Amino acid sequence: MRRQPFGQTGPAVPVIGQGTWYLDAGEPTVAAAALRKGLDVGMSHVDTAEMYGEAEPLVAEALADRRDEIFLVSKVLPGNASRRGTVEACERSLRRLRTDRLDCYLLHWRGRHPLPETIAAFEDLVRAGKILSWGVSNFDAGDLDEALALAGPGRIACNQVLYHLEERAIEHAVLPWCRAHGVAVVAYSPFGHDRFPGPATPSGRVLAEVAAAHGATPRQVALAALTRGAGVFAIPKASSPAHAAENAGGGSLTLGAADLARIDAAFPLGPEPRHLPML
């Protein structure tokens, strides 16, 4: 599994991690087994959020005896993101996760509370040792400019954004911005939301052919393509231990220039949208 620094000052983190959105929709024992298998095969970056229902307690139950192996991330809802509300939301997440700290804590998306309040709360939490770093999610380049002006260089660890082969909007402005400022990009829903291209589609056939040439699977090829560049991570969800092991394989797959050219042609960038896509 390839690893790289998480932001300017963060630790080396696997390029493929584990998402937990809708994890609680399935059988809890299977979900827990998938998380443990993911950790076994090197996916130590585990991402969750207060919005994700019972995902935080499920993460706590599945990984209780392995906390020191995990790069653990959670998120505050915008409606809770006042200065006091952010601290209280973090403390609730810590209780649900049965831990004393988060490795990174994110604002899930921008809401009604002023951004200076949220950033001030993040810095309060860092000073208290309850979070080791903080970042944002669903921020466009203009939002990132504002956050950088408020926080200063080196403080924003990551921007978690919608990014998959059929949704490459971040490549226009967000991804270049993050690379220029040393901010990690974390791709959520890296297979699309229940819409991964099947082998009967033209783009799906390209993935299948590239996968066959490498002894890999189309999903592993997709993950390798998304995380090809420096500073990009992906957090797919796994519904089973076998699925977790498959996801991890994308983190050790290296695609050649010809492979990437074929994939880029099959999944064209498209025009820059007026608003950053998000789920």
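Restricting LEU223, LEU253 to residues that are buried (at least 18 other Cβ atoms within 10 Å of the Cβ) and within 23 Å of LEU23 (Cα to Cα) narrows the list to LEU223. Of the residues making up segment 133-165, those that are over 17 Å from PHE233 (Cα atoms) and in a loop (DSSP other than H, G, I, E, B) are ASP140, GLY152, PRO153, GLY154, ARG155.
Please verify whether segment 178-196 includes one or more residues that are surrounded by 15 or more Cβ atoms within 10 Å (Cβ to Cβ), at negative phi, part of a helix (DSSP H, G or I) and without any contact (Cβ under 8 Å) to a residue 40 or more places away in the chain. Show your work before the answer.
Filtering segment 178-196 for residues surrounded by 15 or more Cβ atoms within 10 Å (Cβ to Cβ) gives 178-179, 181-192, 196.
Filter once more, keeping what is at negative phi: 178-179, 181, 183-188, 190-191, 196.
Now drop any that are not part of a helix (DSSP H, G or I), which leaves 178-179.
Filter again for without any contact (Cβ under 8 Å) to a residue 40 or more places away in the chain, leaving none.
No: zero hits.
The residues in segment 8-43 that are in contact with a His (Cβ under 7 Å, 6 or more places away or on another chain) and more than 30 Å from HIS181 (Cβ to Cβ) can be counted, and the count is 1.
For LEU94, state whether it is out of contact with any Asp or Glu (no Cβ under 6 Å at 6 or more places or on another chain), more than 29 Å from PRO241 (Cβ to Cβ) and either of a type in the set (Val, Ile, Thr) or outside any loop (DSSP other than H, G, I, E, B) (or both). Step through it out loud before you land on a result.
Values: out of contact with any Asp or Glu (no Cβ under 6 Å at 6 or more places or on another chain): yes; more than 29 Å from PRO241 (Cβ to Cβ): no; either of a type in the set (Val, Ile, Thr) or outside any loop (DSSP other than H, G, I, E, B) (or both): yes.
Answer is no for this residue.
Number of residues in segment 92-115 that are without any contact (Cβ under 8 Å) to a residue 40 or more places away in the chain and of a type in the set (Phe, Trp, Tyr): the value is 1. Within segment 97-127, the residues that satisfy the criterion of being outside any strand (DSSP E or B), crowded, with 24+ Cβ neighbours inside 10 Å and not aliphatic (A, V, I, L, M) are THR118, PHE122. Across segment 36-45, the number of residues qualifying as more than 15 Å from GLY135 (Cα to Cα) and assigned to a strand (DSSP E or B) comes to 0. Every listed requirement among (1) within 24 Å of ARG219 (Cα to Cα); (2) without any contact (Cβ under 8 Å) to a residue 60 or more places away in the chain; (3) surrounded by fewer than 24 Cβ atoms within 10 Å (Cβ to Cβ); (4) in contact with an Asp or Glu (Cβ under 6 Å, 6 or more places away or on another chain) is met by ALA25 save one, (4).
In this structure, is ALA225 over 30 Å from ALA120 (Cβ atoms) and under 16 Å from the mean Cα position of the chain (by Cα)? Yes.
The condition of being farther than 30 Å from LEU223 by Cβ and out of contact with any Ser or Thr (no Cβ under 8 Å at 6 or more places or on another chain) holds for only one of ARG101, ARG112, that being ARG112.
Sub-6 Å Cβ pairs linking a first residue in segment 116-131 that is within 21 Å of PHE71 (Cβ to Cβ) to a second residue that is assigned to a loop (DSSP other than H, G, I, E, B), at least 6 apart or interchain, are LYS130/ARG101, ordered by first then second residue. Scanning segment 148-161 for residues that are out of contact with any strand residue (DSSP E or B) (no Cβ under 6 Å at 6 or more places or on another chain) and either at pLDDT below 95 or closer than 13 Å to TRP109 by Cβ (or both) turns up just one, VAL161. Residues considered: VAL59, VAL73, VAL87. Of these, the only one that is in a strand (DSSP E or B), crowded, with 16+ Cβ neighbours inside 10 Å and of a type in the set (A, V, I, L, M) is VAL73.
A search for C-beta distances below 6 Å between a residue of segment 1-18 that is assigned to a loop (DSSP other than H, G, I, E, B) and any residue that is among the aromatic types (Phe, Trp, Tyr), counting only pairs 6+ apart in sequence or on different chains, returns VAL15/PHE233.
The values are calculated or read from the model by the stated rules, or taken from the named source; none is laboratory data. If you're wondering where the values come from, they're calculated on a predicted model, not measured in any experiment. In this analysis, Cβ positions are derived from the backbone assuming ideal geometry, glycine residues included, and neighbour counts consider all displayed protein chains.
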